[in-house]
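What follows is a set of notes on a single structure, which appears directly below.
The values are calculated or read from the model by the stated rules, or taken from the named source; none is laboratory data. Predicted, not measured: the structure shown is a model, and the values here were computed from it. Here the Cβ is made from the backbone with ideal geometry for all residues, glycine too, and neighbour counts use every protein chain on show. Surface accessibility is based on the protein's heavy atoms, side chains included, excluding ligands, DNA and RNA. Shrake-Rupley method; radii C 1.70, N 1.55, O 1.52, S 1.80 Å.
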Amino acid sequence: MIDAAAGYIGIDIGGTNLRGALVRPGGEVIARFRSKSAIEGGADSFLGRLTEEIDRLIADARVSGLQVSGVGVGVPGLIGSDGVIHSSVNLRPLEGMNLSRSLEDRLGIPVLSANDANLIALGEAWAGAGQGMRSLAVITIGTGLGSGLILDGKLWTGVDGFAAEFGHLTVAPEGIPCPCGNRGCLEQYVSAAALSRYGRGNTPEALALLAGEGDTDACAAFETLGYWLGTALAGLVNTLNLEGVIIGGGVSASFDLFAPAVLQTLKQRAFPRMVAALKLCQAALGDDAGLVGGALLAAGKSF
């Protein structure tokens, strides 16, 4: 059980921006910061700035009558259950570092680290569109495709902490090469870049405007994205019999344009009873999902 007088800090580390928030046990954000990651300055400089920002949030907590009991940090890439960053393309200076231990040494409070998409899943399950569900997948569609799984009320991270790399599920065995070294990964077919490719180079935002005006090529681009996402989700739904699938990330702003194709494909490829029980919806927390999820990770909360 979580102490009502406790506060938790969620951190979202990106290649460009560094964000953090002080969160109450109920999921309310009461203070936050945003700055440039400036990771090119090296790991020591980055950790120093991050520690300073967290110290400010700890001071904000005292003013609010809260005691910070832990910090949860989201990092893009492969983050081990031990806190080691094994791979992070946009944060190379941090690779090989045990981020949790490094921050604990500086702050003197418990710190947990996880993949950023996993924390988005936690946030949406706790305080967003997944409230009331105990088994769900959260898919984030942006520059790439991220995902997190909540199974039976708990974040599923696998043996080493690397689970739910849904974007690297093979959907076309001899398909488009992926930077991971494989071919035909889902991320190459469901992402902002893929959508632009389907739409003859238009940005997702421009395609959404065109589709809203009835442009057939733009509508077809969203339908193609929905087809590939539905194809991959059918296997996930058949395997896990989920209660819900929540779609977030920048491309989710056009949810209504691709969701019908997702559902149509699911109905074609997954068991009807599983699809009938499934809730497919748009994420609710936006950029705060990872911050709230980080706080939840630190709190060790189950649903």
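State which residue is surrounded by the most Cβ atoms within 10 Å (Cβ to Cβ) when the search covers only region 156-190 and only residues that are touching a strand residue (DSSP E or B) at 6+ places or on another chain (Cβ under 7 Å) and on the phi > 0 side of the Ramachandran plot.
Applying the filter and picking the extreme gives A164.
State the number of residues belonging to region 211-223 that are open to solvent by less than 50 Å² (accessible area, probe 1.4 Å) and closer than 13 Å to F258 by Cβ.
Adding up the residues that qualify gives 6.
Just to be sure before I move on: is A137 crowded, with 18+ Cβ neighbours inside 10 Å and in contact (Cβ under 8 Å) with a residue 60 or more places away in the chain in the structure I sent?
So A137 passes the test.
Assigned to a loop (DSSP other than H, G, I, E, B) and buried (at least 16 other Cβ atoms within 10 Å of the Cβ): which single residue out of L242, L233 fits that description?
None of the other options fit; the residue is L242.
Quick one: which strands (runs of 3 or more DSSP E) lie wholly within region 26-135 and hold at least 2 residues that are out of contact with any Lys or Arg (no Cβ under 6 Å at 6 or more places or on another chain), of a type outside the set (A, V, I, L, M, F, W, C) and more than 28 Å from V245 (Cβ to Cβ)?
In region 26-135, 29-36, 67-75 are the strands (runs of 3 or more DSSP E) which contain 2 or more residues that are out of contact with any Lys or Arg (no Cβ under 6 Å at 6 or more places or on another chain), of a type outside the set (A, V, I, L, M, F, W, C) and more than 28 Å from V245 (Cβ to Cβ).
Kindly evaluate L78 against the criterion of being open to solvent by 10 Å² or more (accessible area, probe 1.4 Å), within 30 Å of P179 (Cβ to Cβ) and of a type in the set (A, V, I, L, M, F, W, C).
Yes.
List the number of the failed condition for G286; all other conditions in (1) in contact with a Phe, Trp or Tyr (Cβ under 9 Å, 6 or more places away or on another chain); (2) within 16 Å of G146 (Cβ to Cβ); (3) surrounded by fewer than 22 Cβ atoms within 10 Å (Cβ to Cβ) hold.
Every condition holds for G286 apart from (1).
Within region 62-75, does at least one residue satisfy the condition of being hydroxyl-bearing (S, T, Y), within 20 Å of G108 (Cβ to Cβ) and open to solvent by less than 30 Å² (accessible area, probe 1.4 Å)?
Checked region 62-75: no residue is hydroxyl-bearing (S, T, Y), within 20 Å of G108 (Cβ to Cβ) and open to solvent by less than 30 Å² (accessible area, probe 1.4 Å).
For region 82-128, enumerate the residues that are open to solvent by 20 Å² or more (accessible area, probe 1.4 Å), of a type in the set (G, A, S) and in contact (Cβ under 8 Å) with a residue 40 or more places away in the chain.
Correct list: S102, A127.
Please pick out the residue among S37, S45 that is open to solvent by less than 10 Å² (accessible area, probe 1.4 Å) and either more than 17 Å from the chain's Cα centre (by Cα) or more than 20 Å from M97 (Cα to Cα) (or both).
S37
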